[in-house]
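Below is one structure; the comments refer to it alone.
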Amino acid sequence: MFRAALDALSSVLFPAPCRICQAPLTAASSIPICLECLASFERLAGPACQCCGRPFLSAVAAQAQEPLCHACRRGVYAFDLARSHAAYNDPMMKAITLMKYEQVTRLGNWFAARLAERVAENAEALAADVVVPVPLHPQRQRERGYNQAELIARPLAKLLGLPLRTYLLVRTKPRPAHHRLTRHERWQTVRGAFATRTGTQVDKLRVLLIDDVFTTGATLDSCSRTLQQAGAARVMGLTVARVVPNWTSAGHEGNQ
């Protein structure tokens, strides 16, 4: 009853619109997104590559002795495992844009809670010693004022009871200024772009590596290679969203 009264009072006193669909907010929340838009984030579930987590089109592929996508069959990625919470659909894209570029930083806590649920579902596979956010280049972080991956990683580490190690990885090579990159450019811009900080202890650690979006997997791959070269025992990537080619609102892929 108290919660209902609070929501009603909030809608009268603070009639701000949802930052995604512009509908009036009718519930008290720390994030400016309506319940309908939050519900529109399409959670990834069902048959998927056991390595990178890419959803499968066919249940037949999931029944293979080693259910791997074409990239993982070729050994493209260096990480041991990767999982994502939801598909990178239009509402999710807008939410991540709010967090990255419009300073809606509290979304990091909401995303962290969703990733904690994903870890709980894969407790053994995602067991880690430390949580590490994918770093921004220092110049980019000064411009933005924060690292969006750290906004997610910090509350996630608290939820999991693990230490946060923001200093283990550094980005030494800046990302090009333009936002739209081809698949080839994405891989080229992160090749050799990360390093472990001098004097840090990485040897034998199981690292949970956090980022906002899995686009091609190039960033997680490059970070993983750097951590493994420094002696990490295992690197698991965890992202809020994943770009799935030909994804539809029904939650299925088109032709692979």
Revision key, fill the gap. With Cα coordinates, the longest principal axis of the chain makes an angle with the long axis of helix 90-101, in degrees rounded to 10, of 80
**Study point:** Quarter of Cα convex hull surface for the range 66-197, i.e. mean projection, nm²
**Key:** 9.3
Practice item. Over the alpha-carbon set of the chain, work out the extent along each principal axis and list the three values in angstrom, largest first. Key: 56, 47, 37
Practice item. May I ask you to order 220-231, 74-85 by the average number of other C-beta atoms within 10 Å around their residues, highest value first? Key: 220-231, 74-85
Exercise for review: Mind pulling up the Rg/Rh value for the range 142-223? Radius of gyration and Kirkwood radius, both on Cα.
Suggested key: 0.96
Revision key, fill the gap. In nm, the gap between the two label points placed 7 Å beyond Cα toward Cβ at Thr26 and Arg114 is 2.2
Review point. Taking only the alpha-carbon positions of the range 15-135 and ignoring solvent, what does the Debye formula give for the base-10 log of I(q)/I(0) at q = 0.16 Å⁻¹?
Key: -0.91
**Study point:** Principal-axis tilt of helix 107-121 within the chain, Cα atoms, nearest 10 degrees
**Key:** 60
Revision key, fill the gap. Between Phe194 and residues 5 or more places away or on another chain, the pairs with built amide H atoms under 5 Å apart involve Thr172
**Study point:** Surface per residue (accessible, 1.4 Å probe) for the chain, Å²
**Key:** 51
**Study point:** Radius, Kirkwood style, for the range 152-195 when every pair of distinct Cα atoms is counted (Å)
**Key:** 12.7
Review point. Against the longest principal axis of the chain, how steep is helix 2-13, in degrees 0 to 90 to the nearest 10, with axes from Cα atoms?
Key: 80
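So, counting K/R as plus one and D/E as minus one, what does the shell of residues with Cβ under 11 Å around Leu98 add up to? Before the final figure, lay out the partial values.
Details: positive: Arg19, Lys94, Lys100, Arg106; negative: Glu102.
Summing Lys and Arg as +1 and Asp and Glu as -1 gives +3.
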Check your understanding: Which residue, Gly108, Gly237, Gly145, tops the fluctuation ranking in a GNM of the chain built on C-alpha contacts under 10 Å?
Key -> Gly145
Exercise for review: With the full set of protein chains in place, find how many percent of the accessible area of the chain is carbon and sulfur; take the probe as 1.4 Å.
Suggested key: 52
Study note, to complete from the structure: Across Ala116, Ala48, Ala27, the residue with the highest GNM fluctuation in the chain (Cα network, 10 Å cutoff) is Ala27
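The values are calculated or read from the model by the stated rules, or taken from the named source; none is laboratory data. Here the structure is a predicted model, which means the values were calculated and not measured. Neighbour counts run over all protein chains shown; Cβ positions are idealised from the backbone, glycine included. When the accessible area is computed, the model is the full protein with side chains, heavy atoms only, and any ligands, DNA or RNA have been set aside. Shrake-Rupley method; radii C 1.70, N 1.55, O 1.52, S 1.80 Å.
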